[in-house]
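What follows is a short report on a single structure.
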Amino acid sequence: MIFNYTYKIYHERDLSITKIRFRNLIALYKYKFKQYKNKISTILIILVLIFSIFYFVPKDLKIYFVDVGQGDCTFIVTPKNKTILIDGGGSTGSDFDVGESTLLPYILDRGYKKIDLMFISHFDQDHVGGLLTILEELKVNRVCISKQEENSENYQKFVEIVNRKNIPVSILKIGDRINIENDLYFDILWPQEKQIGENKLNNNAIVMKLKYNGFSCLFTGDIEEIAEEKLVEIYKDKRILKSDILKVAHHGSKTSTTEKIINQIKPEIALIGVGKNNLFGHPSDEVIKRLEEQNSKIYRTDENSEIMITVNAKGKYYIRSLY
């Protein structure tokens, strides 16, 4: 009804002063609306272009080798903003909760409240201690572990949490591939179905290779010489172990990172997760010497704190540290 009345006024010939003013207001409104319409259209086009650039232009892969003291932890943000957490250490024999005091605040401070994928290489305290807190406090979409033949206390706690929170768990073995997104995946290189009986937790830890557009990073858990020899034997003619970056096994312990496996990996960069003045004497001078002889540039969390690696869509990587 109002629309009909307005239409009638706008098109009448003999109008009162009041109606003329009303018609003028309508004309002014149409004029202003046309101006604003043009501006709004321009703004919308700009916003669409910005969104398109933000969404379609490939973003970088971000790898953060986190300083958790005497332990290992790697936090990854993919080009499509998925979050991956590989281990999350905690100091053995200490009441300090690295999950509550270090790892949880670290992830929240970066603006993330969930983990899309968590890898637990094995259930030693210096690799899983902080992850139990993350499992309790954040949403975790999926966890990957290896087959456990040793029912450790940490493993029992883990099973209780994932069952209570209905978190899916995948059991990984040699030959598996975990696809993350376009051109980004993990190849599982270890453990085998038949596990090593000596020092089971360390030697049957997950060994996996992250690959992204020609870039590669090898994660080795805490495997020792006996497991390294098996890997060299399995992959010696396939260049599969060759990687740009090596996460050094067992925090640089002299029982790992033998000359044989270093010669297969040939890493440009070696990352060592280790606490200052630790009781184990990690990293070993022998391991440092082996890596230097391979011309690997060494970064260690006790000296460099957090190490940040950025990988672009062409597979080129850039590395920097806090110190």
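What follows is calculated from the coordinates using simple rules that are stated; it is not laboratory data. Since the model is a prediction, treat every value here as computed from it, not as a measurement. Note: ideal-geometry Cβ built from the backbone for every residue, glycine included; neighbour counts use all protein chains shown.
Within the range 176-211, being over 15 Å from ILE234 (Cβ atoms), within 16 Å of the chain's Cα centre (by Cα) and not in a loop (DSSP other than H, G, I, E, B) holds for ILE178, ASN179, ILE180, GLU181, LEU184, TYR185, PHE186, LEU210, LYS211. In the set ARG300, ARG290, only one residue is crowded, with 23+ Cβ neighbours inside 10 Å and among the charged types (D, E, K, R); that residue is ARG300. If you go through the range 194-215 and keep only what is buried (at least 22 other Cβ atoms within 10 Å of the Cβ) and out of contact with any Pro (no Cβ under 6 Å at 6 or more places or on another chain), you end up with ASN202, ASN203, ALA205, ILE206, VAL207, MET208, LEU210, TYR212.
All conditions in (1) within 22 Å of the chain's Cα centre (by Cα); (2) surrounded by fewer than 23 Cβ atoms within 10 Å (Cβ to Cβ); (3) closer than 13 Å to VAL207 by Cα; (4) among the aliphatic types (A, V, I, L, M) hold for ILE269, with the sole exception of (3).
Listed by position, the strands (runs of 3 or more DSSP E) inside the range 246-323 whose residues that are within 23 Å of VAL128 (Cα to Cα) number at least 2 are 269-272, 297-300, 307-311.
Evaluated against (1) free of Cβ contacts under 8 Å to residues at least 40 places away in the same chain; (2) out of contact with any helix residue (DSSP H, G or I) (no Cβ under 7 Å at 6 or more places or on another chain); (3) not acidic (Asp, Glu), SER146 falls short on exactly one condition, (1). Every condition in (1) loosely packed, with under 14 Cβ neighbours inside 10 Å; (2) on the phi < 0 side of the Ramachandran plot; (3) touching a strand residue (DSSP E or B) at 6+ places or on another chain (Cβ under 8 Å) holds for PRO191 except the one numbered (1).
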